[in-house]
Structure formats: C-alpha cells, structure tokens
Amino acid sequence: MPMSIHDTTNAHELATGVFADEVVAVESGSRLADFLREATAANHSVIPFGGRRSLATGNPTEPARFGLDLTGLTGILSYEPADLTLSVRAGTTLADIQRALGEGGQELPIDVPFPDVTTIGGLVATGFVGPRRLRSGSLRDLLIGCEFVRGDGLLAKAGGMVVKNVSGFEIPRFLHGSWGALAVLTSVNLKVTPMARADGTLLAAFDDVGLAIDAAHRLIAAEPSIEACVVTSDRDGVRVSARSVGRAGAVAASLDSFAQCLGSEVARLEVEESRAFWRELVNQYAEDNSKTVLALGARPRDIRALATRIGDVTAGDESAIQVSPGFGSLRIMTPTDGEDLATGIVALAAADGANYVLESASPALRSSLPTWGAEPEGIEVMRSVKRQFDPGGILNLGRLPV
Amino acid sequence: MAVSLVDLVKHGYSGDDVPDDDLLRACVHCGMCLPTCPTYRLTGQEASSPRGRLWLMKSVADGRLDLLDPEFDEQMYQCLNCRACEAVCPSGVHYGPLVEAARSQLEQHRPRPLWQRVRRRAGLNFPFSRVSRMRAMVNGLRLYQRVGLSAALRKTGVLRLVRLETLEAMLPPIQEAPLVSGKESWNPPLVEDRIDLFNGCVMSTVFSNVNRATGRVLAHNNVATAVPATQQCCGALHVHSGMMDEARKLARINIDAFAGDGVSPIIVTAAGCGAALKEYGFLLKDDPNYADRAARFSGRVQDVTEYLAARDLVPPTHDVRATVTYQEPCHLAHAQRIIAQPRKLLAQVPGLEITEMKESSLCCGSAGIYNIIRKRMADDLGDRKAENVVATRADCVVTANPGCHMQLRTSLKRNGSEMPVRHIVEILDEAYGGPVVGSKATNA
Amino acid sequence: MDRQQLLEELERIVGHDGIRHRPVDLLVYEYDGSVDGAVDTAAPTAVVLPRSTDQVSAIVKLAKRADLPVVARGAGTGLSGGAVAQRGGIIVSLTRMDRVLDVNLLDRTALVEPGVINLELSDGVRDQGLFFAPDPSSQKACTIGGNVAENSGGPHCLKYGVTTNHILGLEIVLPNGEVIWTRTAQDGYGGLDLTAAVVGSEGMFGIVTKALVKLTPIPAATTVMLAAFGSLDDASRAVTSIIAAGNLPASLEMMDNLTIQAVEPAYHAGYPMDAAAVLLIESDGHPVEVAESVEEIEALCREAGATSLRSADTAAERDLLWKGRKMALAAMGRLAPNYYLHDTVVPRSRLPETLETVEAIARHHKLQIANVFHAGDGNLHPLMLFDRRKPGDVERILEASHDLIHECVRVGGMLSGEHGIGTEKRGYMTLVFSESDLRAMAGLKEAFDPDQRFNPEKVIPTGYMCGEVKQLHLQAMQQQHGIVPV
Ligand SMILES: Cc1cc2nc3c(=O)[nH]c(=O)nc-3n(C[C@H](O)[C@H](O)[C@H](O)COP(=O)(O)OP(=O)(O)OC[C@H]3O[C@@H](n4cnc5c(N)ncnc54)[C@H](O)[C@@H]3O)c2cc1C
Ligand SMILES: Cc1cc2nc3c(=O)[nH]c(=O)nc-3n(C[C@H](O)[C@H](O)[C@H](O)COP(=O)(O)OP(=O)(O)OC[C@H]3O[C@@H](n4cnc5c(N)ncnc54)[C@H](O)[C@@H]3O)c2cc1C
Ligand code: SF4
Ligand code: SF4
C-alpha cells in the first residue's frame, strides 16, 4: 500500500466541496497499479489529482475513499532537443516543463493558468484548450504517447516517442479530456516546438462584441498565419487581441497588417510583453474559485449571435467574456454565484445548439445545473469504455457523464 | 476463403494476341488510376476500374477465371478504352494494348449469337472498312437532313438494323460535301513544309469542313497539304473491338497509301485516328513485311494541334470574340499525351477567352463506337460532361475529335443546352478569316 | 441464415444494383493496395455498395443477425491489408457515398461523405483559399474514410499534422448498427473524445459515414527547395541540422539515387540523376518568414555538403518537383516487378545511423533498397525491390524485413508511421508493445465491438513473438504474411 501522507481520521477537502477520507501519494507507475488493483477489489473510490485547479469541476456527491496525490510523480524522463520530443511524468508542472524546454530553445505552445501548480497530467485529463489552438493546436495535437494505469490497475503504454505513429490504437489522444475517469496518467510524451524567435500582439478596441467578432473573423480569414485571436469584453471594454509568432521581420509585418485589417490599434506588445499578456489572459479566469465560469462551444458561424445575446444578458454587471471566434470557444466568468444568470446563459446556449461545461461554480449552483451539459451522443459506448477501463467504477465518480 | 473458380475454368488465353504477361504483371494494384476511370466513377465498383479489369485479365492468365465468363466479357467491353488509366499509371502499365488483346481473345474464342455478329459486321465493318461506303451513307444522311426525311426514314426501321438510329441522332448538321481523298490540295505561295493529311472516314464526310479548314490554316502557316488518294479508315474502331485482322488489313492499305516521300508528317484531325495510326508499329510488329514500315509510318504521325503548336504560328489576323472551354479528347490527352498544345494554340487566338471546365480530361462517353453499343453508360457520362461544360458558361465548347464532337453535341442538347461544339481548327480558321480569305483548295 | 436469404435481404437494403456476390465479382475485392505477398488475398462473402447511412446501418444490423464480419472499404489503396476481408463476410464499399455536403468558410470546415477523394476535396475548396491538409501520396485516389481509418499522413504533415488533427467529428455506424456523431474534446464539451479513438482504428470501431473535417488556409507564400547531396549521410545530417536549428518546414522529404532513377525518366521533375540523395524542402507561411527561412535552410544545406540547390516559387514548378516525389512509390514497377516497403518511424536524430543500417542490411542480404521518405518526421520508406519469380528473393526480403524492423525498434522507433498495422504488421506488435499494452488496446476494441464484428484479425496480434528465436519468427512471418518461397 502506498504511503499515507495525511491522517485518516478526518475527511480532507481537496477542493471546494470535494472531499476524500484519506490522501495517498504514489511515486511510481507500478505502485500505482498495485494501489488501483487493490482499490478496485475493495471497491474504494479514488480521486486522482494534480494541481487541484479543476478538481471542483463536476459533481462528486459524496467523499471519495481516497484522494490520490500525483504531484510527487514529477520529472523529465527524456528530452532530446534534436528530436523535438519530450517524455515527462504526469505530476510535473507546466512551469517546470517550459523551463526545461526553454534551455533547449523550445517550448510547448500553450499558455495555461497557474503554470506553477498546474500539472501536465491534469491538463491532458481536463482537455485543456487555449487560444493558440487556432494555429498551433491544443495538447491533443501535441500528444504522441503516454503511460497510464487503468482503473482496474492495468499498467500500459500507448503511442511512442516518435512524432508520427499509427502503430496501434490512439489511446493517448482518447484519454485527453477524459477527466481521469478511465485511467490515471503516469507519464506523457509530447511533441514540442522551437521557441518562436519573436512574438507580438496587437490590441484593438471595439464598441461592441458583435462588431469585434466580425472583425476577428475577417482578420482570421485574411491572415493564414495568425497565431491566436481572442475577443474579450470586460471592465477594460471590448477588445480584439491578435498574436503573431515567428521571425522578427514577419511578426512586425503581420502586426502592421493586423492593425490595418482591424482598423484600430490600442497597443502593440512585443516579445516578453506579448508572452506575459497571453499568460495573464488565461490567469484572469482563475483568480479565485468563488466565481462562476462557464465554457461554451459553438460553431464559429454561430458564435457572434451567441456572444451578442450573452452580452445583452450580462450588460452592466461584472461579467467577463472571452471568445475565440476561430474555433468557436466562449468562456464567461460571472462574479457572484449568479445562479439565475448562469441558468439563463445555459438556456441561450441550448437554443443555439451550443453545449456548455460548468467549469467553476458554487456547490449550490453545481447541484442545480448539471456540470457537463446535455448528455453526449454515444453515451452507451462511453459507458462501455468506462466498464472496460474501470470495471469497479472507482475513478472520479461524477466526472464526465459516464 | 479463397474464391475457387478453378474448377469452372475451361477456357484460357490462346492463339493470337495473348495479353502480354510482363505487361500484366507491371500492375502493382496501387489503385492510383481509379479516379481517372470514367466507368469506375459512374459505378464505384472495382470490377469497372482499370485495376479490377487488369486483375480479371491476370486471373484468366492464372487459370482462376474462365475467359468466357460473361462478366469478363462485360468488363472488357464496358471499358471505354479511353486510356485515362494508362496516362496516370506511375508504373507505366500499358493498359490499351492489354484490353485490346483481351478483346481479340474474346473475338477469337467467343461464339457470338448470329444476330450479334451480323449486326457488328453491318454496323462497324460495313461502313468503316471502306471510305466510299461511308461517304455514300453520309451523303444519304445529309440529303435527308436537308429535306427532313428523318421521321419517315426512321419509321421504316432500316436504320435500326445497324443501330444507325443512335448514329443518326448524333450527327450534327453536315455542312459541306465530303472531301474525297486525292481530289483536293492546298498550296500556299510560300512553302516551308509539306504534309500529308489523313482524311479519316468520319472527318472526311461528316466533318469535311474541318479538314478543309485544316488545309487553309496550314496554308496560312506556309505549309502545303496533300490528301493521299488511296487511304482508308484508320482501323481504330476495329482495334477497340478486338477485330485485329480487319484492323491490320486497313493498316497495310494506309501504309501503302502514305508511302509517298516517306518523310513528310502525316497530319491527323481526329484524335482517335491519330492514336491508332501512332500504334501501327505495335499492331504490325509481328508482320515481317510491314513491321519496319509500320514503325516508320507511326513515327510520322502527328495530331494537327501537335504539329501547329510546335511551329511558330503565323499571327492570326482576326479577333474571335468568345469564351470557350476545351474538352480534352481521351485519345489526345491520354493516348497521345497531348495536353498543353491545344491550349497553347487557343491562347494565341486574339480576343479569345479560355475557361477550364471541371474534369476536362474525364471521358465524355464517346470512345469510338461506345456510345452506340453502350448507350446508358455513355449517356450518364455525357450528362456529367454536359453539366461541367454548362457550368463554365462558355459560349462554345472546343474539342479535337469527331466522336467527342458528336457526343458533346447530343449530350448538351439532351440537357437543354444549345451551346455549339467546334473543332479547334475551326476556331483557328476563323482567326485567319475563314474560308473567304483563306487560300482556296485546288482540285488535284 | 443461409446464403440465399442473406443475399435477398442485402438486396432489399441496397437494391439489385448495390450488391455483388458471384465468385467473379468477389475476385476483384480480394486485394487492396498492399504489396503482393506481404498480405494474403481473401475474398468476401458479398460486397455491398450503399448510398446512405441508413443503408449502412441496416447492412450492419443484418450482418449481426447473420453473424458475419463486416469490412469497410474505401478506394482500396491501403498498404497493410486493412480492406481485405481476412475472415470473409460483407465488404461495405463506400465509393458511392462521395458527396461534399457542405463547406463553411467561417467554420473552415467541410462536411463530407466517406467516399470523397482526398485531393478532390482540396481541389474543391482551393478557390476559397483553403485546403485539406493531410496529403498522402495516394491522395489522388484514396478516400477520406480510408484516411480517417488509417490516420493517414503525408509530406505536409511535418508542419500540419496527420489526419486526426484535422477531424472535428464523425458520423459512424457502430457494430450494433446504431448511428452516432462523435465529438472532439474542446471547450464546452463534456464527454469522451470518441473521435480520437475512431481515427486510426482501421475500421475496427465503426464505419465512418460522414466526417466533419477542418480546412486549412492556404499559406500566403510557398517555396520548394531541391537540395542535392553526394551521400545519404550528408543529406540526413542536413535534415537533423535543419530541424535542430528551430526550423519547421511544411515538409522535408528525402529521395535516394535509386528512387531518382525510377522517377526522373518518367516525370522529368529535374532531380539530378547523379545525386546520391536529394531533399525536397517546402517552406510556407508569411512571405517574410519564408524568405528568411529559405536563406537559413540553404545555408544549412550547404554546410552539410549540398552539391546543388534550386528553388521553385511558381505553382507549376512546385507541382513538378512534387509530382516526382508523390509518384515515387507507385513508380517502383519501373525498377522491379515487386517491391516490399516498410514504414517504420525513428526519432529524427537517429536518422543518419538508421540509414546506414538500411544500407548495411541491403548489402548483407544482397538486395536493392530504394529510400524515399518523410525525413522531417523520421518516417522511413525503404522499398525492397525483388522479383517473386526468382528463387530466393522472397526469403531475402523476409530476413531483411526482420532485421530492419528490429533495428528501427532498437533506436526507439515504431512499426508504422502512416500505413497502419492491418494484417501485415500485426505479428510485429509484440516487438514494441507488452502484453498489458495490447490488453489495453483490446479493451478499447471490446468496448466498441464486443462481438469482434468489424474488420477481424487486424492490428491486435493473436500470437506473441517476443523472445522467440529468429527462425520461429520467420515461420510466423511466413504464416502471417503469406510470403512463402515460390
Ligand atoms: C478558473 C479556471 C480557468 C480555466 N481556464 C481554462 C481555459 O481557458 N481553457 C481550458 O481548456 N481549461 C481551463 N481551465 C481548466 C484547466 O485545464 C485546469 O486548470 C488544469 O487542466 C487542471 O490541472 P491540475 O493539475 O490542476 O488538475 P486537477 O485539478 O488536479 O485535476 C483535474 C482533473 O484531472 C484529473 N487528473 C489530474 N491529474 C491526472 C492524471 N495524472 N491522470 C488522470 N487524471 C488526472 C483529476 O482527477 C480531475 O478530474 C481552467 C480552470 C480554472 C479553475
Ligand atoms: C502509391 C501509394 C502511396 C501511398 N502513400 C501514402 C502516404 O503518403 N501516407 C499514408 O498515410 N498512406 C499512404 N498510402 C496508403 C493508403 O493510401 C492510405 O492508407 C489511405 O488512407 C487508404 O485510403 P483508402 O480509401 O484507399 O482505404 P482502403 O484501403 O479502402 O481502406 C483502408 C482501411 O480503412 C478502412 N476504411 C475505409 N473506409 C472506411 C470507412 N468509411 N469507415 C471505416 N473504415 C474505413 C478499411 O476497412 C481499411 O482498414 C499510400 C498508398 C499507395 C498505394
Ligand atoms: S494500372 Fe497502374 S495505376 Fe492502376 S493499379 Fe495498376 S499500377 Fe496502379
Ligand atoms: S481505358 Fe478508360 S474506361 Fe477503360 S479502364 Fe482505362 S480509364 Fe477505365
């Protein structure tokens, strides 16, 4: 049995409203396999966790028997700059990964909230998508392999350390976004990219969200190599932020044409400023856990109408909206419990055929509004995958509708 | 579970024209030819694809499939022999000669019902084996086109006998009297080169206006044109139908007819004829008396567009204000790989706009006599082609082969379009001022 | 259910014109694009050519009642035997479901049926400034359904990623006949990423009846460079240094002299006939970016010993340079009657030594091996030339294959970069995967297809070869790949 690092008398609050009787830590895949095999046999529920930033997402109705602390499972297993590949243990934080890659002049092209605590395992498990998905893709596109332990304790690997590979089924990508409900990742292999030599961002101001989204669509259509383009509406007003990465000459030229296309320029951020801006942009939504955060996904062609209607509902309050028109993602943060507001937005979204995930909310709201939105198509297959991977049903109860 | 047809296999390849084993085995069944094949595009089934047909031919060779299996017969003849597959095959599989050999095998070994044989002889061999017969027939048709006897004639059922009702429906208005070989020639004042025109049976009759336009255009370019007298049909349709002996007979006649100086280019205005003439060398390779001469003959053959594009065109004098789209005849684009030349010529016509159609190189369904013997499939292909042609909104569709010409015309009509179809030489002729200005033919 | 009844019921679903069942009809469905001898041919019980999702669903339900395997088939260009009905059953040919149903410019997506041909999709949206990025060399012929099933790659996948990176959702018919739309992990989606599982599943999880694919904007500038080298080693060192210096070309392809000999006479692409190897390097993106990186890459090539450098900026010149590369595989028929190719991938820093190994293997087994491959991703395509009819040739290919795969795995490589496992490489799976790894994969299959109805006898091996002596291994190869001495 792995070492218990907390006393077992009181339930531990792992995150707001999420409890476990006992917290254990593991330091290797094979120990983890033993642990989960035994937990399955004893029918003990388990919540694995990394940085605990997203642990409150979902509806764990009752305390789990075990909280499984993966933050000790750290370290780079292999990094060969010439191959542009990295293998890293799942509990490693994003900050540590970027630091190591930076020494090789490389990076993972994602900006995540709280990189100092957020783990790569957690990011893969939650299916992290950031603004750079527009061109560089998301973690899903960077995953080339992983090692994992299924709920029933089977330790296995899939994929490899090569950048292109069709040997066997795509388990790594399939586990992306599975919220730890099928297996616990012990290590992941990633494709990394050369650090862009230059980085620049152009900020433009608009009168309303609809116009800003129209402008963003135009910009994206005109600029095939644009890296990211986000429309925000918050206390700073309505803005389009457009990013370019690459060689200095190309970035400078791109920012000029961005400004021309958008017809507005509030600020131009260069290299470090630009990088910091995008880190801040995602952090903004993770300031404190008391806020309600809803993530919506819609077709890009529908996002303008959706955002405008949400803008109407939230006008005047402290809500902030962040839209990536290029791939139809919309995140909205409301300051208080705002139960009515959230419910109203969800109804608006449903009318537009958009789905939502309640990423962060008070326990009260979480009990009234289903976290995962409408039941997805193919739920029967998903449940049968769950039965195969986690026959005892011990992993992450309440996470994902499986 | 392997298919075992072996027990049923009674007939294999034998006799003349056995499909060459090395040619067959060059196919690595990669499938790259599939999308270019018109019959595959229409049916989506493997048997109707080049790869499928080659596999069937190989299966016969391997004794796994009976030569006389009805499906084998069906596939060998459903093929349009458009050779689109051959043009794209990365491994250089010579599909044309293979399917022709397979057809020859079927012709030799298959007992066809009597009525079918009679009709084939009547429909194909009779008119196409002697230009004079064709001429007589076309003259008749021209007459009744003019006096409007069509309905009356159709009623008699005479045409049905040789399936001429389809042929008749396809014929465009015949504009001029047939061009009789040996009877006309074009001699410009300044002569830089001399050519022998291959007159062709359909070109010299139904499209005699095109052949005359060719004489004029060449004359404008200081090329003298003769039309050797004793020439006959090229035999392409016979080769396509596996009637190899008849084809060889015609080939020998033509080789003799064009013996002349033995060097001047033989210019062809029908892509189908050109492709066949260029293969006389292969057709007669086993004939000790003719093998060498046939090869030399084939070396002289050029399509009119090929010949003109290789010369520096004397700049045309008249604007042709129209937008045209170019339909590539299979036997030009695939069999002879002549793709850029026609476009190059059109681009030199002042005032002319060219717009490319979708699937320009997909067979229109004509393919020799295919549109006569396989009307349904040909109609489907024709409809698809008409749709692509109409979508260009061109004023006119240009091609370079009589079969395509007629098929395009009927397909467009069936689809409610009045867009005219013209031979590329007609456009060039117009750009030089047409018949009025051009140098007149002299009676030889 | 007897055969007659089966055929009648199938006919009721797809109509008389949609079914093929006579032995001669089945003969042409016993192969795919796989190399002669590497994959057994096998004929199905019947072939159906449905025109709609409903028909596919009805066929699958019928197959379940009749307890027959079902094998989906696209254009049949697959190179690992994927579309061959190893255990018979019903082949569902998707060639008649070939419509592009919708293209949306704001979404940059196309909704297509599975039989749409890869290149025709790209050609159809080019005027709108878009293309479908995965570009297998077979793109003129292969279908989107096949691309999805094999997770196909192509030269431009170095920068743009493989098929899975370009699929947003799939309509599939499950092995029980149910029709579902799979989604992809993204903001606001709370469910499993079934799309990720289905892409690359080689037709074993579901039959794709529609795909929502991502379209990529055509870059503002594109340049293709042709760099010639005096040795294979120089060329592969150039590859490593280009990547290591932080360049990410759109594609980076290598062809050796033997390949040039096959391709140049046929396509006149302008590859120097005397070069030991050429690199085809495409840079695209912002014009300023392209201009600078071309300069840098040229310098790196020169440093690595390039003997000549040429670049093509016009579309026509680029197409010609590419044509030779794309046709290379299928042009091997010009060098030898048969070829057998592998598709192993190695970490790119191991390329130089791996190419040396390939040369050594060729020498040792007295074989001609042509190399034409995606150097930028380390995805090799060694083409072993032989003649089935010559005694001893097949055995040499067999042994050389064995050595080659082992060597690639030894340096951290994998079995297949894009052609899939199918039946062809099934026997090698245990070289890179443990029993637990394979059990995890089998579990995923089980979840989708508990009856093992879809495409049986593919990907997951039945026997294990780990630790077996070479002799046993060869026997297994003979049994599984049908490569037997003539
Ligand atoms: C306010 C806020 C804003 C956010 N904004 C975005 C955003 O813009 N875009 C976006 O995509 N995401 C966003 N996220 C989610 C973000 O993806 C998470 O913060 C991060 O992924 C969680 O990492 P973690 O290490 O903290 O995981 P945890 O919170 O510890 O765990 C999260 C989930 O992953 C599981 N898990 C953790 N580690 C593993 C492992 N090794 N194997 C299997 N399962 C594991 C846990 O069981 C749990 O279900 C946001 C989150 C918050 C709180
Ligand atoms: C000359 C040549 C070059 C090639 N180059 C490349 C290359 O560069 N990169 C590359 O990746 N591949 C390449 N290939 C391999 C092959 O073209 C690809 O694997 C292609 O994606 C197969 O598509 P297809 O339509 O021919 O599928 P098929 O061969 O018909 O089928 C392949 C697999 O997909 C399954 N399948 C087909 N359609 C469906 C469907 N609708 N639903 C579910 N399953 C389905 C089949 O069951 C089978 O398992 C090449 C092949 C050739 C012959
Ligand atoms: S004919 Fe050529 S292109 Fe067609 S399958 Fe055979 S080798 Fe491939
Ligand atoms: S000749 Fe034409 S119709 Fe015949 S197989 Fe080739 S492409 Fe198809």
**Study point:** Alpha carbon convex hull of chain A, projected area averaged over orientations, nm²
**Key:** 18.9 nm²
Practice item. Taking a cut-off of 22 Å between Cα atoms, list the lysines near A:K386, but don't count ones fewer than 8 places away on the same chain. Key: A:K157, C:K445
Check your understanding: Semi-axes, largest first, in whole Å: what does sqrt of 5 times each Cα gyration tensor eigenvalue give for the protein assembly as shown?
Key -> 61, 35, 30
Exercise for review: Could you state how much accessible area is buried at the C-B interface, both sides summed, with a 1.4 Å probe, in Å² to the nearest 100?
Suggested key: 3100 Å²
**Study point:** Listed residues C:L232, C:P134, C:G177: farthest to the positive end of the dipole of the range C:108-259 (Cβ charges)
**Key:** C:P134
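Can you work out the accessible area per residue across the range B:322-431, with the rest of the protein chains kept in place, probe 1.4 Å, in square angstrom?
Values: 3930 Å² over 110 residues.
Normalised by residue count, the accessible surface of the range B:322-431 is 36 Å².
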**Study point:** Eligible aspartates and glutamates near A:K164 by straight Cα distance, threshold 17 Å, same-chain separation 8 or greater
**Key:** A:E80, A:D83, A:D141, C:D135, C:E150, C:E202, C:E253, C:D343, C:D377, C:E418
Review point. From the Cα gyration tensor of the range C:317-390, with a ≥ b ≥ c the square roots of its eigenvalues, which class applies: rounded if a/c is under 1.5, or else prolate if a/b is larger than b/c, or else oblate?
Key: oblate
Study note, to complete from the structure: Expressed in angstrom and rounded, the centroid-to-centroid distance over alpha carbons for the range C:10-44 and the range C:384-458 is 24 Å
Practice item. Provide the percentage of antiparallel DSSP beta bridges, counting only those with both residues in the protein assembly as shown; round to the nearest 5. Key: 75 percent
Revision key, fill the gap. Using eta = 1.002 mPa s and T = 20 °C, Stokes-Einstein with Kirkwood Rh from Cα pairs puts D for chain C, in µm² s⁻¹, at 92 µm²/s
Exercise for review: For the range B:11-98, report the accessible area per residue in Å² (1.4 Å probe, heavy atoms, rounded to an integer).
Suggested key: 24 Å²
Practice item. Specify, per residue and in Å³, the volume enclosed by the convex hull of the alpha carbon atoms belonging to the range C:1-151. Key: 116 Å³
Review point. To one decimal place, what Kirkwood hydrodynamic radius in Å is obtained for the range A:291-368 from all pairs of distinct Cα atoms?
Key: 12.3 Å
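Any idea of the accessible area per residue across chain C, 1.4 Å probe, to the nearest Å²?
Accessible area per residue, chain C: 31 Å².
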Check your understanding: How high is the relative contact order of chain C, in percent, counting Cα pairs under 8 Å that sit 6 or more residues apart?
Key -> 15 percent
Revision key, fill the gap. Listed by chain and number, the residues whose amide H is under 5 Å from that of A:S360, excluding neighbours fewer than 5 places away on the same chain and using placed H, are A:V293
Practice item. Before rounding to the nearest 500, sum -39500 (n - 2.57) across all DSSP H runs of length at least 4 in the protein assembly as shown and divide by the residue total; then give [θ] at 222 nm in deg cm²/dmol. Key: -11000 deg cm²/dmol
Revision key, fill the gap. Mean per-residue count of partner chain Cβ within 10 Å for A:249-261 equals 2
Review point. If you roll a 1.4 Å probe over the protein assembly as shown with all protein chains in place, what percent of the accessible area is carbon or sulfur?
Key: 51 percent
Point to revise | Under 20 Å from the C:S436 label point (7 Å along Cα→beta-carbon), backbone N, the range A:369-401 | key: A:386-396
Point to revise | Label-point gap, in nm, between C:K390 and B:D286 - each point 7 angstrom along Cα→Cβ | key: 2.9 nm
Revision key, fill the gap. Heavy-atom accessible surface buried between C and A, both sides counted, 1.4 angstrom probe, nearest 100 Å², is 6500 Å²
Exercise for review: Please name the residues of the range C:276-309 whose accessible area, counted over protein heavy atoms with a 1.4 angstrom probe, falls by no less than 30 Å² between the chain alone and the full protein assembly.
Suggested key: C:H286, C:V288, C:E289, C:E292, C:E296
Review point. With all pairs of different alpha carbon atoms counted, what Kirkwood hydrodynamic radius in Å does the range C:100-217 show?
Key: 14.1 Å
Point to revise | Other protein chain Cβ atoms within 10 Å, averaged over every residue that makes up C:347-354 | key: 4
Check your understanding: Among C:L383, A:L32, C:H402, which residue has its Cα positioned farthest towards the positive end of the charge dipole of the protein assembly as shown, with +1 placed on the Cβ of Lys and Arg, -1 on the Cβ of Asp and Glu, and the dipole taken about the Cα centre?
Key -> C:L383
Check your understanding: Per the Debye formula with a single identical scatterer at each Cα and no solvent contribution, what log10 I(q)/I(0) holds for the range B:281-376 at q = 0.12, 0.15, 0.18, 0.19 Å⁻¹?
Key -> -0.58, -0.81, -0.98, -1.03
Point to revise | Accessible area in the full protein assembly, largest first, 1.4 Å probe, for B:K344, C:K425 | key: B:K344, C:K425
Review point. Near B:K344, which lysines are there with a Cα under 28 Å away, not counting those fewer than 8 places off in the same chain?
Key: B:K278, B:K358, B:K385, B:K440, C:K140, C:K323, C:K326
Review point. When only C-alpha pairs under 8 Å and at least 6 residues apart count, what is the relative contact order of chain A, in percent?
Key: 18 percent
Exercise for review: List the residues of the range C:372-416 whose accessible area drops by at least 10 Å² when all protein chains are present, compared with their chain alone, using a 1.4 Å probe and counting only protein heavy atoms.
Suggested key: C:D377, C:R389, C:G412, C:M414, C:S416
Point to revise | Taking the range B:166-293 and dividing mean pair separation by its residue count, relative contact order in percent (alpha carbons under 8 Å, at least six apart) | key: 27 percent
Check your understanding: To the nearest 10 Å², what's C:H166's accessible area with a 1.4 Å probe?
Key -> 10 Å²
Review point. How about the range A:73-89: which of its residues lose at least 50 Å² of accessible area in the presence of all protein chains relative to their chain isolated, using a 1.4 Å probe?
Key: A:A82, A:D83
Revision key, fill the gap. Taking placed amide H atoms and a strict 5 Å upper bound, the residues 5 or more places from A:L77 or on another chain that come that close are A:S87, A:V88, A:R89
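The values are calculated or read from the model by the stated rules, or taken from the named source; none is laboratory data. A quick note: this is a predicted structure, and the numbers were derived from the prediction, not measured. Note that we place each Cβ from the backbone using ideal geometry, even for glycine, and neighbour counts take in every protein chain shown. Side chains included, ligands, DNA and RNA excluded: accessible areas come from the protein's heavy atoms. Shrake-Rupley method; radii C 1.70, N 1.55, O 1.52, S 1.80 Å.
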